[in-house]
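Comments concern the structure below.
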Amino acid sequence: MPMSNLEGILNSPLVTSKLDAIRGIFVRHTKAEEAREMLLLSLSFARRLRENSSTYLIGWSRCGKSEIVKRMLTERTGRPVSKEKVQLLQGNGRRYLYVDLMGGSTPRILARKINFTIFNDRLGMRLSEEEGTDALITNLNEHAVDAVILDEGQNLAEDGVKKLARFILAFENSCNAPLFVVGPPSLIKMMAKADAMGQRSGGIKILKPFGIANDEQREVHSAFVAAFSEQLPFESNWFKENEDDHHMLRATFFAQRGRPGRHSLLVEAAVPHAFMRTGGAEPKELTKEDIAAGFDRVFLSQEIMHGRNPFRDEDYIRLPPFPLNVEQEATSE
């Protein structure tokens, strides 16, 4: 296919529409609902008579922890969470400060940024770390912010865990708004090193990847794949047509390792190939061949795949032993 034709297909509104629909899928599986309920409960009861508390949502990469938080904030305020690193979401009589720490920071830098960007507090730019944190808490209290969410909160420890612990402790001692810290399992190790981080915890929820090591795990994973497949914007798709097939579920798990976000990426990767197969016409189905082609392009070079594509029969029968849940992942590292 000429490159000009290929670019025309891939840039078409039809492809964009399919991809947007897939990215909008969110399966409210049991683990996600439990995490959401903990967050809502903490929002309601985090304020205590004498001291505040912090709530921790721990999850592996691509397990949906950030998505759960963002959807909850949107539901409660009616406002979407944008790509801004620091934003104050206001609506329905509620105010939430959401901070994306993916790029890393320190308590001093973060306090300065929030004080200036959100509260237009220029004096805070010249303050020390402790003074800046105190000024931030004062601003949060004066503006009646209902909660502060630190997404990828482990990255606030660039200057050390003790500084992160002092920042959290300052919030618990003086801030009216409860603090929510979202991050990977390394946060648990940080909490163990800094006693203050765990002493006033308003709740901890650990969001693990799905597994297929036993019947119960396989049932939960199968239910997730079926629920996701049901919402795909195609008249039919290979996952749904084979939803009770052990080999489909095993191949799929090998690709996404039980992580909802990786599953979405796997399906998204297949969409352009479905349109290429139809010459640009809207495809009625998403085939195994489309999924295999998407896997080749996006996943195959990853070390954990060992150069095998589980959606190609010749590779599937030669799949190497691989971990069937996150516990086995830990022992195989």
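Things to note:
- Computed from backbone phi with θ = phi - 60° and the Karplus coefficients 6.51, -1.76 and 1.60, the 3J(HN,Hα) list for segment 320-326 is x, x, 9, x, 9, 7, 5 Hz; x is used for glycine and proline.
- Choice from GLU172, GLU241, GLU67 showing the highest fluctuation, given a GNM over the chain with Cα pairs closer than 10 Å: GLU241
- Segment 23-139: relative contact order in percent, alpha carbon pairs under 8 Å with at least 6 residues between: 13
- Between the amide H of GLU158 and those of SER105, distances stay under 5 Å, these residues lying 5 or more places away or on another chain, with hydrogens modeled in the peptide plane.
- Local charge for SER264 was computed over the other residues whose Cβ lies under 10 Å away, with Lys and Arg +1 and Asp and Glu -1, and equals +2.
- Of the three principal axes defined by the Cα atoms of the chain, the extents in descending order read 62, 45, 33 Å.
- Phi to ³J(HN,Hα) by Karplus 6.51 cos²θ - 1.76 cosθ + 1.60 over segment 293-302, Hz, x for Gly, Pro: 5, x, 4, 4, 6, 10, 10, 4, 7, 5
- Within the chain: Cβ-based charge dipole about Cα centre, in debye rounded to nearest 20 (Lys, Arg +1; Asp, Glu -1): 1060
- Stretchable slack from TYR316 to VAL220, in nm (0.36 nm times residue separation minus alpha-carbon distance): 32.3 nm
- With each label modelled as a point 7 angstrom along the Cα→C-beta vector, the ALA144-LYS83 pair spans 3.4 nm.
- Linear extension gain, SER186 paired with ASP20, 0.36 nm per residue minus alpha-carbon span: 56.6 nm
- Enclosed volume per residue, in Å³, of the convex hull spanned by Cα atoms of segment 49-111: 132
- Within the listed set TYR56, TYR98, TYR316, the Gaussian network model of the chain (springs between alpha-carbon atoms below 10 Å) gives the highest mean-square fluctuation for TYR316.
- Placed amide H near ILE204: partners under 5 Å, 5+ positions off or other chain: TYR56
- Fully extended contour minus Cα-Cα distance, from VAL298 to GLU230, at 0.36 nm per residue: 22.1 nm
- Distance between modelled label sites at GLU289 and THR331, nm, 7 Å Cα→Cβ extension: 4.1
- Mean ellipticity per residue at 222 nm, deg cm²/dmol - from DSSP H runs of n ≥ 4 across the chain, formula -39500 (n - 2.57): -15500 deg cm²/dmol
- Per residue, the average separation of C-alpha pairs within less than 8 Å and at least 6 apart gives segment 218-333 a relative contact order of 22 percent.
- Solvent-free Debye scattering, log10 I(q)/I(0), computed from the Cα coordinates of segment 3-124 at q = 0.22 Å⁻¹: -1.42
- Of ALA255, ALA144, ALA157, the one that fluctuates the most in a GNM where the chain has Cα springs shorter than 10 Å: ALA144
- Take every Cα pair under 8 Å whose residues are at least 6 apart in sequence, average their separation, divide by the length of the chain, and the relative contact order is 20 percent.
- Hz values of 3J(HN,Hα) by residue in segment 250-261 - Karplus curve (6.51, -1.76, 1.60), Gly and Pro given as x: 5, 4, 5, 5, 4, 6, 9, 6, x, 9, x, x
- Protein heavy-atom surface of segment 110-185, 1.4 angstrom probe: 48% of the accessible area is carbon and sulfur, with nucleic acids and ligands not counted.
The values are calculated or read from the model by the stated rules, or taken from the named source; none is laboratory data. These numbers were taken from a predicted model, which means no experiment stands behind them. Cβ sites come from the backbone with ideal geometry, for glycine too, and all protein chains shown count toward neighbours. Keep in mind that these areas ignore ligands, DNA and RNA; they rest on the heavy atoms of the full protein, side chains included. Shrake-Rupley method; radii C 1.70, N 1.55, O 1.52, S 1.80 Å.
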